[in-house]
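Colleague: Here you go, one structure.
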């Protein structure tokens, strides 16, 4: 039975906000992506569903709704499973939602050890010679050291390709797998100091219509294990440099970090082009951090050498690390958006923004403090509405 509440209550909503932008103003973000096995146990919940409701032209809410996601807990298997969707963006066509089924398995420490995703959509192609279709699924595996640090990930993409010619009764079936491996190395303080990457991709696996031979067992596109990144640290443990490498062992890009005497990050310099042979490396962007007792300001300036114009962004945060003001400056033309937050008993229940468009987001919660409704209002009319149900 679905639990439905109508009272306007509040909950701490740190998970609704991002470091670089306000996720609360985006309905494409799934607020429950962070709900893992422990989240279900802590809140004594077995199932969550999120629905988007159709808004009529007059701004009223229709009874029609669309399932955005479903997440369920399987305690016996230490598993969370269900269906979810992601927005697919196209360069020459409107974006759309694509649904997929998923399973996430956890160890007894709450670490993710395996993920399986399989899209619902079957890709079908037709031609004058016949018809073809493909199904895919992805499997990711994770390993950890005794301190809980992630040490090894394997991402495998499986693809079944079928084809049926017009004048044939037999279906051809090819089965391929692509594997990508990441390894992470730590120092005795538990800080990541390097990572390695291996590309072990595209092997044909045997099927009823395809017999594997020695050539098909070989990797069609592979690259041996190589150093992909390195990190260095100051004596106080703060990150000093982060360096990325190409497959050929050349430096690709570098990040430099600088701090004040309170260990606050005050400057970050991003450089790239180290792998070029005809030009020198160049600064891609510089980010400066300014602090006060009640706020933080982040100023990011982009380099014209990196292909940008005279461009920079200025972002201000409040004491809760929420964005209060964003400005983009391009060739002396400034565009700004200001954000406001309202709290009850010290907790957020609405947020609004003023810029090119005026948007207000209203949040409603269950008596248990779980998010029940997220509503967007443009010019006094409801434009988007999502409701969440629990069992």
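Colleague: What pairs come up if the first residue lies in the range 277-292 and is under 11 Å from residue 303 (Cα atoms), the second is in a strand (DSSP E or B) and modelled with pLDDT under 90, and their beta carbons are under 8 Å apart, counting only those six or more places apart or on different chains?
Modeller: 282/272; 284/272; 284/302; 285/302
Colleague: Something else now. Which pairs have Cβ atoms under 6 Å, sit 6 or more apart or on different chains, and link a residue in the range 296-316 that is under 13 Å from residue 283 (Cβ atoms) to one that is surrounded by fewer than 15 Cβ atoms within 10 Å (Cβ to Cβ) and at pLDDT 75 or above?
Modeller: Close Cβ pairs (under 6 Å, with a partner that is surrounded by fewer than 15 Cβ atoms within 10 Å (Cβ to Cβ) and at pLDDT 75 or above) amount to 305/282.
Colleague: Tally up the residues in the range 61-88 that are within 30 Å of residue 381 (Cα to Cα) and exposed (fewer than 10 other Cβ atoms within 10 Å of the Cβ), please.
Modeller: The initial filter retains those residues of the range 61-88 that are within 30 Å of residue 381 (Cα to Cα), namely 61-70, 84-88.
Narrowing the set further to residues that are exposed (fewer than 10 other Cβ atoms within 10 Å of the Cβ) leaves 63.
The number of residues fulfilling the criteria is 1.
Colleague: Additional query: Return yes or no: is residue 41 part of a strand (DSSP E or B) and in contact with a helix residue (DSSP H, G or I) (Cβ under 9 Å, 6 or more places away or on another chain)? Give the derivation first.
Modeller: On the way: part of a strand (DSSP E or B): no; in contact with a helix residue (DSSP H, G or I) (Cβ under 9 Å, 6 or more places away or on another chain): yes.
For residue 41, the condition - part of a strand (DSSP E or B) and in contact with a helix residue (DSSP H, G or I) (Cβ under 9 Å, 6 or more places away or on another chain) - is not met.
Colleague: Return yes or no: is residue 168 more than 21 Å from residue 35 (Cβ to Cβ), surrounded by fewer than 13 Cβ atoms within 10 Å (Cβ to Cβ) and touching a residue at least 24 places away in the same chain (Cβ under 8 Å)? If you could, list the steps in order and put the result at the bottom.
Modeller: Details: more than 21 Å from residue 35 (Cβ to Cβ): yes; surrounded by fewer than 13 Cβ atoms within 10 Å (Cβ to Cβ): yes; touching a residue at least 24 places away in the same chain (Cβ under 8 Å): yes.
It is true that residue 168 is more than 21 Å from residue 35 (Cβ to Cβ), surrounded by fewer than 13 Cβ atoms within 10 Å (Cβ to Cβ) and touching a residue at least 24 places away in the same chain (Cβ under 8 Å).
Colleague: Which of the residues that make up the range 266-299 are closer than 28 Å to residue 250 by Cβ and either modelled with pLDDT of 95 or more or part of a strand (DSSP E or B) (or both)?
Modeller: Of all residues in the range 266-299, those closer than 28 Å to residue 250 by Cβ come to 267-287.
267, 268, 269, 270, 271, 272, 282, 283, 284, 285, 286, 287, listed by residue number.
Colleague: Checking the conditions here, which among 377, 354, 382 is within 30 Å of residue 48 (Cβ to Cβ), over 23 Å from the mean Cα position of the chain (by Cα) and without any contact (Cβ under 8 Å) to a residue 60 or more places away in the chain?
Modeller: 377
Colleague: I've got another one for you. Could you list, in sequence order, the residues of the range 104-113 that are in a strand (DSSP E or B) and over 17 Å from the mean Cα position of the chain (by Cα)? Break it down stepwise before answering.
Modeller: First, pick out the residues of the range 104-113 that are in a strand (DSSP E or B): 104-106, 112-113.
Selection gives 105, 106, 113.
Colleague: Could you list, ordered by first residue, the pairs with Cβ atoms under 6 Å in which the first is in the range 41-65 and within 21 Å of residue 78 (Cβ to Cβ) and the second is surrounded by 15 or more Cβ atoms within 10 Å (Cβ to Cβ) and modelled with pLDDT of 85 or more, at least 6 apart or interchain?
Modeller: 45/390; 46/73; 47/72; 48/71; 48/390
Colleague: Quick one: which residue in 48, 55 is at pLDDT 90 or above, closer than 24 Å to residue 371 by Cα and either surrounded by 16 or more Cβ atoms within 10 Å (Cβ to Cβ) or touching a helix residue (DSSP H, G or I) at 6+ places or on another chain (Cβ under 7 Å) (or both)?
Modeller: Numbers: 55 fails: at pLDDT 90 or above.
After applying the criteria, what remains is 48.
The values are calculated or read from the model by the stated rules, or taken from the named source; none is laboratory data. Keep in mind that what you see is a predicted model, and the values were worked out from it rather than measured. No Cβ is skipped: glycine too gets one built from the backbone with ideal geometry, and neighbour counts run over all protein chains shown.
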